[in-house]
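Okay, here's the structure, questions in a sec.
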Amino acid sequence: LSLYLLMKKILTDRNVIVLCFQGNAYCILMCKILGIKVIVRSNSSPSGWSKKILKIIAYKTIYSLADEVIVNSVEFKNEMKKKFNINAICIYNPFNLKETQKFSKKKVNFKFFKKNFLNVINVARLNEQKNQIFLLKAIQKINETLPVKLLLIGDGNEKEKIINFINNN
């Protein structure tokens with residue numbers, strides 16, 4: 001379907017640039033076959049998945065075909081250069097300072113923090129990349145010597161796995 005819609009657009013307008021935020025490898029290959037400029041945003045740091053040589057070669061080959069690669073941190077940019085020789089552009093995730101300041105002044109009736117506890121809040125996607133299971137194991141270990149309160153905020157495909165780990169441990 002994506003290829004059909006892209007072809008339809010190209011036939012009516014040759015001044016096309018594709019901005020891709022998901023399915024980057026597929027999108028890059030499709031755009032290069034069709035002679036279209038493509039800018040991709042990589043949102044998955046290779047440090048978590050690039051242990052196998054085949055993945056490294058495939059990633060380096062395909063991503064080097066993109067006209068631009070955008071990442072969301074300087075560390076990620078440096079990793080792309082070092083590991084794949086890709087000169088990425090760093091554009092930080094958007095942040096609304098006024099909205100954050102407004103909400104930071106709002107009183108919340110939520111009794112989470114306790115004295116004499118290590119109070120930890122983790123806000124993240126609940127997926128493999130964020131590795132909340134590692135955090136839970138660390139909190140479990142710390143809790144042996146220091147009482148801990150942990151609040152996990154987020155959603156994702158590992159939510160059930162995390163809930164099961166909490167219930168079992």
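The values are calculated or read from the model by the stated rules, or taken from the named source; none is laboratory data. This one's a predicted model, so the numbers in the text were calculated from it and none came from an experiment. Neighbour counts are summed over all protein chains in view; Cβ atoms, including those assigned to glycine, are modelled from backbone coordinates with ideal geometry. Ligands, DNA and RNA are stripped out before the accessible areas are found, and what is left, the full protein with its side chains, is counted by its heavy atoms. Shrake-Rupley method; radii C 1.70, N 1.55, O 1.52, S 1.80 Å.
Which residues, taken from the range 62-74, are modelled with pLDDT under 90 and either open to solvent by 40 Å² or more (accessible area, probe 1.4 Å) or touching a Lys or Arg at 6+ places or on another chain (Cβ under 6 Å) (or both)?
Asn72
With (1) surrounded by 11 or more Cβ atoms within 10 Å (Cβ to Cβ); (2) outside any helix (DSSP H, G or I) as the list, and Ile133 as the residue in question, which single condition is left unmet?
With (1) surrounded by 11 or more Cβ atoms within 10 Å (Cβ to Cβ); (2) outside any helix (DSSP H, G or I) applied to Ile133, the lone miss is (2).
How many residues are loosely packed, with under 10 Cβ neighbours inside 10 Å and among the aliphatic types (A, V, I, L, M) if we restrict to the range 85-115?
Total satisfying the criteria: 2.
Then there is this: So if I check each of Ile121, Ile162, Ile153, which one is under 26 Å from Asn93 (Cβ atoms), β-branched (Val, Ile, Thr), surrounded by 14 or more Cβ atoms within 10 Å (Cβ to Cβ) and in contact (Cβ under 8 Å) with a residue 12 or more places away in the chain? Before the answer, list the steps.
Values: Ile121 fails: surrounded by 14 or more Cβ atoms within 10 Å (Cβ to Cβ); Ile153 fails: surrounded by 14 or more Cβ atoms within 10 Å (Cβ to Cβ).
That would be Ile162, the only listed residue that is under 26 Å from Asn93 (Cβ atoms), β-branched (Val, Ile, Thr), surrounded by 14 or more Cβ atoms within 10 Å (Cβ to Cβ) and in contact (Cβ under 8 Å) with a residue 12 or more places away in the chain.
Does Asn122 meet the test of being assigned to a strand (DSSP E or B) and not aliphatic (A, V, I, L, M)?
Working: assigned to a strand (DSSP E or B): yes; not aliphatic (A, V, I, L, M): yes.
Criteria met by Asn122.
For the range 57-74, how many residues meet the condition of being touching a residue at least 24 places away in the same chain (Cβ under 8 Å) and more than 21 Å from Cys31 (Cα to Cα)?
Here is the first cut: in the range 57-74, the residues touching a residue at least 24 places away in the same chain (Cβ under 8 Å) are 58-60, 62-63, 65-72.
This time we only want the ones that are more than 21 Å from Cys31 (Cα to Cα), so: 72.
Summing the residues that are touching a residue at least 24 places away in the same chain (Cβ under 8 Å) and more than 21 Å from Cys31 (Cα to Cα) in the range 57-74 gives 1.
Applying the selection to the range 42-58, what residues are among the hydrophobic types (A, V, I, L, M, F, W, C), at pLDDT 75 or above and either open to solvent by less than 60 Å² (accessible area, probe 1.4 Å) or touching a helix residue (DSSP H, G or I) at 6+ places or on another chain (Cβ under 9 Å) (or both)?
Matches in the range 42-58: Ile56, Ala58.
Continuing with this model, one more query. When the range 136-150 is examined, which residues are found to be surrounded by 11 or more Cβ atoms within 10 Å (Cβ to Cβ), outside any helix (DSSP H, G or I) and charged (D, E, K, R)?
Lys149
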